[in-house]
Amino acid sequence: MNKHLYCCQNAIQNLQNHIIPVPDDFNVNPVCLPGINAQDFINGLKELTEIIKSVYADMIVNPAEYGLPLVEDIEYIPFNPKAAESKNSSYRLVSLLYAIAQSGELSDTVLFVNEKLFSELCKKLKITNSKMILKKLRDFGFIYDNNVLSYIDNNNVVLALYGYMKNTQLKYQAVYSLNYFLAAANLPSHQNVFAEYLYGDEREFFKKFSRFMEDEQFAIGSAPDYHIFSFSIEYLIDLKNEKRIARCYSDFGKLLIRLKLHSSDCYGYYIENLPDRIKQMFRKDSSCRFCREPCSVRLIRTFEGKQYTDCGYWNGFDISNYDPDDIEYYKQIITLEVKAEKTNARKKGVKFNF
C-alpha cells in the first residue's frame, strides 16, 4: 500500500485497493432487483463500481474538497480522536450513498429522497460535509437536485445503487468497496472470496494450496467473516483440539501463508534438500522471545547444523515466494508435519527416513 500524507488518504487507498471486478454473470439475490432484471443490475453495478473507484482516486488527491479532516498519518494511533476521525472519514462517500438509498424511493430510474429521513441518517452515521460530497459527485455523472438522485448516462446505475444499498449493512466493510458478493444469492466460499483479493501468481498459488487443504479435509477453524476485506483463514489438523497447521492472510491485496510446524526436526533431511528459496523460511528463530522462564512450549530444532529456538505456541514459518510450481514442496512439508504430529514423532524423537 502506498503511503500518503494524511490518515484519510491511506484509508481510502485501502478501500480502493479492495474493489474487485464485478463478473459478467452471477446469481443476484432477488431482493436486490426492484424494478430491474439481473443482467441490468450487473451492468449497473459494474459501472457504479468503476465510478466509486474514480471518486476514491479523486478523494485521495483532493481530500479537502470532500471536507475530510487532514490529520497526518504519523499521528494515527487508536486513541488519537482527531487521527481516528480522519481515518474514519474515508467511509463517508459510501455511507452517504447508503443514506440516500435507505431514505429514498424509486420512481422509474430516479430516486426520490425523503429529506428529513436523509438528514437523520446522516447525523446517525456521522456524515459531515454531505453537501460537499454531493457537489463533487456531479463531476462523476450523478445529479442530485431537489432531493432527487439520477445518473443520466446509465439508468441502471441508480437502480443498482438502490438495490445494493437497500439490502446490505454498513457493518460489512466490503460494502465500502462495493464488492458484488454482498448482492449474491449464494455467498461464495471463504476460499473463493479470499482469492478474489489476490492477483497473479499469489492467486494461483493460493487456489492450489486451498484445494490441497480441502482435499486433505483439514477443518477451517475460527471461521472468518468474509464480509471483512482483511481477514484470515486457518486450517486445523484437529478441529476438536484446534491444532493449527496453517493460516492464510489477505490484506492490501497481498498474500501471507504462515505454516505452523512443530516437528520439522522429524523430516529435516527432506527440508535440507529443498530449493534454497524455500529453505530460507527455516533459517530464523520462529517468534520465541524468551518471554518467561520456565516455558513449556519452547521448541528447539536443528537445521543445516545450526540450532534454532522457536515458540511452540506462536511459531510460524512464513512462505516468502508464491511460485505456483512450488506448491508440491509445501504439500509434502504439510503431509510430513501432520504425520509427525499424529504419531507423536517429535516427542518420541523419531526421524523419518526417505
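Going by the structure shown, is VAL61 among the aliphatic types (A, V, I, L, M) and out of contact with any helix residue (DSSP H, G or I) (no Cβ under 6 Å at 6 or more places or on another chain)? Lay out the reasoning, then the answer.
Values: among the aliphatic types (A, V, I, L, M): yes; out of contact with any helix residue (DSSP H, G or I) (no Cβ under 6 Å at 6 or more places or on another chain): yes.
When the stated conditions are applied, VAL61 passes them.
GLY163 meets all of the listed conditions (1) farther than 26 Å from ASN10 by Cβ; (2) within 25 Å of the chain's Cα centre (by Cα); (3) at pLDDT below 95 but one, namely (3). If the condition is being over 23 Å from MET165 (Cα atoms) and in contact with a helix residue (DSSP H, G or I) (Cβ under 9 Å, 6 or more places away or on another chain), then segment 81-93 contributes LYS82, ALA83, ALA84, GLU85, SER86.
Annotation: SER320 fulfils all but one of (1) among the polar types (S, T, N, Q); (2) modelled with pLDDT of 90 or more; (3) farther than 18 Å from ILE237 by Cβ; the unmet one is (2).
Evaluate segment 16-30: report whether one residue or more is buried (at least 19 other Cβ atoms within 10 Å of the Cβ), within 21 Å of the chain's Cα centre (by Cα), modelled with pLDDT of 90 or more and in a loop (DSSP other than H, G, I, E, B). Checked segment 16-30: at least one residue is buried (at least 19 other Cβ atoms within 10 Å of the Cβ), within 21 Å of the chain's Cα centre (by Cα), modelled with pLDDT of 90 or more and in a loop (DSSP other than H, G, I, E, B). Candidates ARG346, ARG247: the one that is under 30 Å from ILE20 (Cβ atoms), buried (at least 17 other Cβ atoms within 10 Å of the Cβ) and in contact (Cβ under 8 Å) with a residue 60 or more places away in the chain is ARG247. Checking each residue in segment 48-88 for being aromatic (Phe, Trp, Tyr) and surrounded by 15 or more Cβ atoms within 10 Å (Cβ to Cβ) picks out TYR56, TYR66, TYR76.
May I ask you to say which residue of LYS124, LYS136, LYS116 is of a type in the set (D, E, K, R) and crowded, with 17+ Cβ neighbours inside 10 Å? Show your work before the answer.
Values: LYS124 fails: crowded, with 17+ Cβ neighbours inside 10 Å; LYS116 fails: crowded, with 17+ Cβ neighbours inside 10 Å.
Unique residue meeting the criteria: LYS136.
Restricting SER86, SER95, SER54 to those that are part of a helix (DSSP H, G or I), touching a Pro at 6+ places or on another chain (Cβ under 8 Å) and either hydroxyl-bearing (Ser, Thr, Tyr) or not assigned by TED's automatic domain parsing to the domain that holds LYS171 (or both) reduces the list to SER86. Only one entry of LEU137, LEU149, LEU96, LEU117 meets the criterion of being of a type in the set (A, V, I, L, M), within 26 Å of the chain's Cα centre (by Cα) and under 22 Å from GLY163 (Cβ atoms), and that entry is LEU96. For ASN43, the test of being of a type in the set (S, T, N, Q), under 25 Å from MET132 (Cα atoms), part of a helix (DSSP H, G or I) and in contact (Cβ under 8 Å) with a residue 40 or more places away in the chain is failed. Just one of the listed residues (LYS284, LYS342) is among the charged types (D, E, K, R) and under 24 Å from LEU256 (Cβ atoms), namely LYS284. Checked against (1) surrounded by 15 or more Cβ atoms within 10 Å (Cβ to Cβ); (2) in a loop (DSSP other than H, G, I, E, B), GLY268 passes all but a single condition, namely (2).
The residues of segment 211-250 that are at pLDDT 85 or above and in a loop (DSSP other than H, G, I, E, B), listed by number, are GLU216, GLN217, PHE218. Strands (runs of 3 or more DSSP E) fully within segment 100-196 that include at least 2 residues being more than 16 Å from PRO34 (Cα to Cα): 142-145, 148-151. Checking each residue in segment 314-354 for being assigned to a loop (DSSP other than H, G, I, E, B), closer than 21 Å to TYR199 by Cα and among the aliphatic types (A, V, I, L, M) picks out only ILE319. How many residues, within segment 290-310, are closer than 22 Å to ASN273 by Cβ and among the aromatic types (Phe, Trp, Tyr)? The number of residues fulfilling the criteria is 2.
The values are calculated or read from the model by the stated rules, or taken from the named source; none is laboratory data. Just so you know, these numbers come straight off a predicted model, no measurement behind them. Cβ coordinates were reconstructed from backbone atoms using ideal geometry, including for glycine residues, and neighbour counts include every protein chain displayed.
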